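Written below as structure tokens is the structure these notes are about.
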Amino acid sequence: MPYRAEYIWIDGTAPTPLMRSKTRIVADGKEPEIWGFDGSSTNQAPGENSDCVLRPVFTCPDPLRGENDVLVLCEVELTDFTPHPTNTRAANVAAAEKYADQSPMFGIEQEYTFMQDGRPLGWPAVGYPAPQGPYYCGVGGGKMVGREIVEKHTDACLKAGLAIEGTNAEVMMGQWEFQIGVLPAPLIGDHIWVARWLLARIAEDYDVEVSWDAKPVKGDWNGAGAHTNFSTAATMESYDAIVTACEALGKKAAEHVAAYGAGIEDRLTGAHETASYQTFSWGASDRSASIRIPWAVEKAKKGWLEDRRPNANVDPYVVSRMLITTCCAALAGEES
């Protein structure tokens, strides 16, 4: 019996790309093959030369349809089968292969905000909800909005075989988080993008939108990040390797911040558990630092680091590639 393959790709919308998808009916016994789309409608090609190529790179069960249906994440290519300029996964694969001997691994804490009628879910039409305080990991009553969507998303990720590690309500009302890991590149990006697609698709059924905006509400409200946990074989054995990685990140702080998502200046202000985007710092258990060393890591003198700077709207292929190229190069003794 034929099955449905939902082809998912990342478009060329700037400054923050959008997810796109379309359904292909595939004959029984056949694997999803290369397909195409109109790049002039996705900010990826001019109208007079609009064809772009979808190359399947990651497939998993579709938890929202039939038991034989699949989700197919694709890289975007030009018609000569070279990576499209908007294809960030290809460079990620190259970096991961170059430093594969160091076993770089990642876990990403993906924050997001549910939106409805132009404001965060559950917020009054006029004014603001109660101040931040009771929402983070909260329970009970009308303050914990969106939980049904979160639960359905978690179930969907598990059924799809994604490496979801947990979920929690975040500091601002209507804001939540899920965690994906621990995975190598490019798999960490593959799982994050598919999990994002699933969340946006499930939220459709509730007339709710998912915002990945770094600062969805200006003022005294928390922004939304994608804290990225990173380790290598060396950091899992040596605190000195963690120090080396942190020092290397300090030397390239501006380069990383520039690539960590749109609106980062609005979020990394030095308030609301962030370091300023204009400075670089690292420290143990310090959520106001650019790089946090978890207390258990400091105690064990080995483990991983948490880069707290990436926005919720960061491209996971970009952040994982940059952590690999900056930290692994330093650990290999290469000149920066």
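Below are the figures for this structure:
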{"item": "Of all residues making up region 197-237, the number that are touching a Cys at 6+ places or on another chain (Cβ under 9 Å) and of a type in the set (Ser, Thr, Tyr)", "result": "2"}
{"item": "Set GLY39, GLY122, GLY107: member being out of contact with any Lys or Arg (no Cβ under 7 Å at 6 or more places or on another chain), among the small types (Gly, Ala, Ser) and within 21 Å of ILE164 (Cα to Cα)", "result": "GLY107"}
{"item": "Subset of region 81-116 [part of a loop (DSSP other than H, G, I, E, B) and of a type in the set (S, T, N, Q)]", "result": "THR82, THR86, ASN87, THR88, SER103"}
{"item": "Given (1) touching a Cys at 6+ places or on another chain (Cβ under 8 Å); (2) of a type in the set (Lys, Arg); (3) closer than 13 Å to TYR3 by Cα, index of the condition ARG65 fails", "result": "(1)"}
{"item": "Residue that is nearest to the chain's Cα centre (by Cα) [pool: residues in region 183-233 that are open to solvent by less than 10 Å² (accessible area, probe 1.4 Å) and within 24 Å of LYS302 (Cα to Cα)]", "result": "ALA226"}
{"item": "Candidate set: region 1-16, residues that are closer than 18 Å to PRO85 by Cα and in contact with a strand residue (DSSP E or B) (Cβ under 6 Å, 6 or more places away or on another chain); chosen: the one surrounded by the fewest Cβ atoms within 10 Å (Cβ to Cβ)", "result": "ASP11"}
{"item": "Number of the exception - ALA95 against (1) hydrophobic (A, V, I, L, M, F, W, C); (2) more than 30 Å from GLY146 (Cβ to Cβ); (3) touching a strand residue (DSSP E or B) at 6+ places or on another chain (Cβ under 8 Å)", "result": "(3)"}
{"item": "Qualifying positions in region 311-326 - in contact with a strand residue (DSSP E or B) (Cβ under 7 Å, 6 or more places away or on another chain) and either on the phi > 0 side of the Ramachandran plot or in a helix (DSSP H, G or I) (or both)", "result": "PRO316, VAL319, SER320, LEU323"}
{"item": "Flag for ARG267 being within 28 Å of GLY219 (Cα to Cα), of a type in the set (Lys, Arg) and under 19 Å from the mean Cα position of the chain (by Cα)", "result": "yes"}
{"item": "Hey, ASP220 of a type in the set (D, E, K, R), modelled with pLDDT of 95 or more and either over 20 Å from ALA195 (Cβ atoms) or not in a strand (DSSP E or B) (or both) or not", "result": "no"}
{"item": "Verdict on TRP176 being of a type in the set (A, V, I, L, M, F, W, C), surrounded by 14 or more Cβ atoms within 10 Å (Cβ to Cβ), assigned to a loop (DSSP other than H, G, I, E, B) and in contact (Cβ under 8 Å) with a residue 24 or more places away in the chain", "result": "no"}
{"item": "Residue within region 103-117 that is surrounded by fewer than 18 Cβ atoms within 10 Å (Cβ to Cβ) and in contact (Cβ under 8 Å) with a residue 60 or more places away in the chain present", "result": "yes"}
{"item": "Count of region 234-244 residues which are closer than 16 Å to ALA329 by Cβ and crowded, with 16+ Cβ neighbours inside 10 Å", "result": "5"}
{"item": "Residue among ALA185, ALA241, ALA195, ALA156 that is touching a residue at least 12 places away in the same chain (Cβ under 8 Å), assigned to a loop (DSSP other than H, G, I, E, B) and among the small types (Gly, Ala, Ser)", "result": "ALA185"}
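The values are calculated or read from the model by the stated rules, or taken from the named source; none is laboratory data. Since the model is a prediction, treat every value here as computed from it, not as a measurement. Note: ideal-geometry Cβ built from the backbone for every residue, glycine included; neighbour counts use all protein chains shown. With ligands, DNA and RNA removed, areas are computed over all heavy atoms of the protein, side chains included. Shrake-Rupley method; radii C 1.70, N 1.55, O 1.52, S 1.80 Å.
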